[in-house]
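> The structure that follows is given in the form of structure tokens.
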Amino acid sequence: MAGACGYASAATIGSTGVEKYSLEAIQVSAANTNVDTGTLTITLGQAYVLNDTLELSISGASFGSVDKVTASFTCANGAGNSTVFSIVTASSNASTLTYVANTPAGLVPGQQCDIPTVMFSAGSVTAAGDISVSSVSKKAATLASFDSGSAAKIASVGNAWSVSSNTVFDGVIDVQNNRLVFASAEGPSNVLAGDEDSFAFSINVDGTRVGVNSGALTAISGTMSLTLTAGTSFGFLTDPLTDTAGTCSIGGNGAVTATPIAGAPTITVNSGCTAISVTVPTVAAGAYSVALGRGAANNTLTTANATAFAEQSYTSAVALSLGTGSRLASVSGTPNAGAWTINGTTVNIPYLPINTNIDLVVNIANRSTQTGAVTFTAWNASGTSCTGTLGSVAANANMSVGGALKTALQACTGTGWSGATRATVQLVIPTPRATTAVNSSFSASDGKSRSIVINDTNGYRN
């Protein structure tokens, strides 16, 4: 037996324009605000009869208040055929709207329905995402579903406010001056007046997103807070002559300044000296900066009245609180805050052999109170470099790094390192040059011979 089968067409849904709304603007607006998404278009895929129903469902939000719901709409195909649909029941913040076909003529496929005002409730939006509408119709006689329309996006909701890093802390602490100042000759890009270093970040507003019902995004009011956390501490803010032991204060020898777009900032530091908080009462899009250091008036500090800068990394956390009352929007970011490094004393050793049967003898004498990690960079005959750390030098102490350096050189990889027999080595020692000496030599493992190598601290100059 032969037969024929076909597929019924389905309704299609579209929108005259899909707006990109700001989540923050929606969150700070009144909960009962109706947000207009424009005209919704549905093209019927099948024939309808009197009292068939068409149900609209919304996802990502709820429909607006009952007084804003379209009471009726007409579907027409341009050839004189039309159908009028009227609302069956309506309520505020509904997830579905049901309409009934109430005209008996012109109920044919292909009719286009224009629903002129489709609104969603601002209070129903809780997160970024798309707001979509789908449809399904039901037969009057059997209540069987037919002519379903797949979900179509009518609006997009996303974050318009964001935080980004502009300039990071990159001060190079000068060990030649007891770590009390930055070594500007080392080239930190953002050394300000005096011994300060700055961190800057921006609050951005995405101009492609719009406010509720064409409201300006930049008109949203709120506050901003920044928390800077030190990898070690903000101990340089203390004044050893006046501050109580175990506390940390702003002022005296330490300096913290902030440059906001609007409003005077409030700056505090916790008693443990590990976190600085900056609060700005009126937030606006633009650049903000925080400077840390001594301040222009404190360039001649001595170890008697100042705490040294610490080699450390910094982290930041920015929080925006937008809006007033119970309708608030929160935006956060963790822009890169950078780190402070030290310059140290550079010692060049022009030649050291690499051989299993040869021991390296490299001794460091530190006659200062400063401590820190000793690093090396080595170059082989091909010019390929290799870097590493040899341990930490203690205050007023001698340190032997020959064994660690031999092991490190034998483990170097890259062009020319396999089978390499010699290297030029540069040590960086985090102590002042005037109180640092390095003795470098090598000897056969049998201990019968030793060769001294002249370096930067005892005659050699690269």
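Rule-based calculations on the coordinates, nothing more; no lab input. Owing to the predicted nature of the structure, the values given are computational and were not obtained by experimental measurement. Note that each Cβ is placed from the backbone with ideal geometry, even for glycine, and that neighbours are counted across all protein chains shown.
> What list of whole percents do you get for P(r) of the stretch 12-158, with Cα-Cα distances grouped in 10 Å bins up to the one holding the largest distance?
12, 43, 31, 12, 2
> Evaluate the relative contact order of the stretch 59-101 (contact order divided by residue number), counting alpha-carbon pairs under 8 angstrom at least 6 apart; express in whole percent. Walk me through the numbers on the way to the answer.
On the way: 64 pairs, mean separation 17.8, N = 43.
Averaging sequence separation for qualifying contacts and normalising by length gives 41 percent for the stretch 59-101.
> Charges on Cβ only, +1 for Lys and Arg, -1 for Asp and Glu, centred on the Cα centroid of the stretch 1-138; of 87, 44, 126, which one is farthest towards the dipole's positive end?
44
> Which residues make up the longest stretch of the chain that has no chymotrypsin sites (Phe, Trp or Tyr not before Pro) in a DSSP loop with at most 16 other Cβ atoms within 10 Å? The partial results should precede the final answer.
On the way: sites that count: 7, 460.
In the chain, the maximal stretch lacking such sites is 8-459.
> Not counting the cut sites, what is the longest span of the chain without trypsin sites (Lys or Arg not before Pro) that DSSP labels loop and that have at most 12 other Cβ atoms within 10 Å? Display every interim value, and only then the final one.
On the way: sites that count: 448, 461.
For trypsin sites (Lys or Arg not before Pro) (loop position, at most 12 other Cβ atoms within 10 Å), the longest site-free span of the chain is 1-447.
> Counting helices only, and only those DSSP H runs with n ≥ 4, report the 222 nm mean residue ellipticity of the chain as the sum of -39,500 (n - 2.57) divided by its residues, in deg cm²/dmol to the nearest 500. If you can, show how the numbers build up before the last one.
On the way: 2 runs with 15 residues, N = 462.
Mean residue ellipticity, 222 nm, calculated: -1000 deg cm²/dmol.
> I'd like to know how the stretch 344-453 sits against the 2.2 N^0.38 Å rule of thumb: what's its Cα Rg over that expected value? Spell out each step's value before the answer.
On the way: Rg = 13.7 Å, N = 110, 2.2 N^0.38 = 13.1 Å.
Rg over 2.2 N^0.38 Å, computed on Cα atoms: 1.04.
> Would you work out the Kirkwood radius for the stretch 308-401? I mean one over the mean of 1/r across all pairs of different Cα atoms, in Å. Show your work: numbers first, answer last.
Values: mean 1/r = 0.0553 Å⁻¹.
The Cα-based Kirkwood calculation yields 18.1 Å.
> Excluding same-chain residues fewer than 8 positions from residue 153, which aspartates and glutamates have a Cα within less than 15 Å of its Cα?
Excluding near neighbours in sequence, the set is 19, 36, 130.
> Any chance you could run the full-extension gain for residue 88 through residue 407? It's 0.36 nm times the residue separation minus the Cα-Cα distance, nm to one decimal.
Working: separation 319, 0.36 × 319 = 114.84 nm, distance 8.42 nm.
Length gained between residue 88 and residue 407: 106.4 nm.
> For the stretch 131-138, just list the computed ³J(HN,Hα) in residue order, Karplus coefficients 6.51, -1.76 and 1.60, θ = phi - 60°, integers in Hz, with x standing in for Gly and Pro.
Once θ is set to phi - 60°, the couplings for the stretch 131-138 become 10, 10, 10, 10, 9, 8, 10, 9 Hz.
> Using Cα-Cα distances under 8 Å and only pairs 6 or more residues apart, what relative contact order does the chain have, in percent? Display every interim value, and only then the final one.
Working: 1246 pairs, mean separation 64.2, N = 462.
That works out to 14 percent.
> Quick check on the chain: what are the equivalent-ellipsoid semi-axes from the Cα gyration tensor, as sqrt(5λ), descending, whole Å?
Numbers: eigenvalues 1060, 200, 42 Å².
They are 73, 32, 14 Å, listed from largest to smallest.
> Label residue 452 and residue 365 with points 7 Å out from Cα along Cα→Cβ: what is the distance between them in nm?
Spacing of the two 7 Å Cα→Cβ label points: 1.2 nm.
> Check residue 351: other-chain or 5+ apart residues with amide H under 5 Å from its amide H, H built from backbone geometry?
425
> Estimate the FRET efficiency between residue 127 and residue 321 by the formula 1/(1 + (r/R0)^6), using the beta-carbon distance for r and 22 Å for R0, to the nearest 0.05. Present the calculation step by step, with values, prior to reporting the outcome.
Details: r = 18 Å, r/R0 = 0.81.
With R0 = 22 Å, the Cβ-Cβ based efficiency is 0.80.
> Would you work out the relative contact order for the stretch 100-171, in percent, from Cα pairs under 8 angstrom that are 6 or more residues apart?
Working: 51 pairs, mean separation 18.7, N = 72.
Normalised by residue count, the contact order of the stretch 100-171 is 26 percent.
> 7 Å from Cα along Cα→Cβ at both residue 400 and residue 270: what's the point-to-point distance in nm?
Here the modelled spin labels are 4.3 nm apart.
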